[in-house]
Amino acid sequence: MDLNECYEKGFIKKVEIDRGVIISLIEMADIKELAVNTAKIDAINISAYVSLAYDSLREILEAICISKGHKVMSHLCMGELLVDLLNDFDYGSFDRLRYARNGINYYGNKVDYEQGLILIKKMFDMKDLLSNKYLKEFFMNKK
């Protein structure tokens, strides 16, 4: 689905920039990252933590979209929009992470322990890179 189709189908809507929502999304993303980082992750539960790490990344991406005046109801459309909004968004990496998470959440795929740790690291690296570049003004002044 391309960006125009995302708008036409109502998956992307223009919204007012809402500082409170952006800060809440950043806080929830950080809570989820903390939960993953402090969990006792093993080969049995790794898939659940990959999914939680993706949720943390997704919340940061949603916060970026809202900070640019957009609400997105589709992960696929979110990626398309971010390519349009950010000159350095790595859509290929995001799409691979989205695909892995969808396999877990929608098809019951299990992730190998070592691969899961790599996915979690990539998700948090992307989250940190983008939040530090595009949301710094929001998490620096959370008042």
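Could you list, in sequence order, the residues of region 1-24 that are assigned to a loop (DSSP other than H, G, I, E, B), surrounded by 14 or more Cβ atoms within 10 Å (Cβ to Cβ) and β-branched (Val, Ile, Thr)?
Narrowing region 1-24 to residues assigned to a loop (DSSP other than H, G, I, E, B): 1-2, 9-11, 15-18.
Filter once more, keeping what is surrounded by 14 or more Cβ atoms within 10 Å (Cβ to Cβ): 11, 15, 18.
Passing the criteria: only Val15.
Given the conditions (1) in contact with a Cys (Cβ under 9 Å, 6 or more places away or on another chain); (2) crowded, with 21+ Cβ neighbours inside 10 Å, report the number of the one that His70 does not fulfil. It fails just one condition, (1). Within the set Leu85, Leu61, Leu97, the sole residue that is in contact (Cβ under 8 Å) with a residue 40 or more places away in the chain and farther than 13 Å from Ile120 by Cβ turns out to be Leu61.
Could you check region 7-66 and list, in sequence order, the residues that are under 11 Å from the mean Cα position of the chain (by Cα) and charged (D, E, K, R)? Show your work before the answer.
In the first step, residues of region 7-66 are kept if they are under 11 Å from the mean Cα position of the chain (by Cα); the result is 25-26, 29, 51-65.
If the condition is that a residue be under 11 Å from the mean Cα position of the chain (by Cα) and charged (D, E, K, R), then Asp55, Arg58, Glu59, Glu62 are the ones that fit.
Considering Phe89, Phe94, the condition of being over 20 Å from Ile118 (Cβ atoms) and either touching a strand residue (DSSP E or B) at 6+ places or on another chain (Cβ under 8 Å) or aromatic (Phe, Trp, Tyr) (or both) is satisfied by Phe89 alone.
Values in this text are rule-based calculations from the coordinates and carry no lab data. If you're wondering where the values come from, they're calculated on a predicted model, not measured in any experiment. We place every Cβ from the backbone using ideal geometry, glycine too, and count neighbours over all the protein chains shown.
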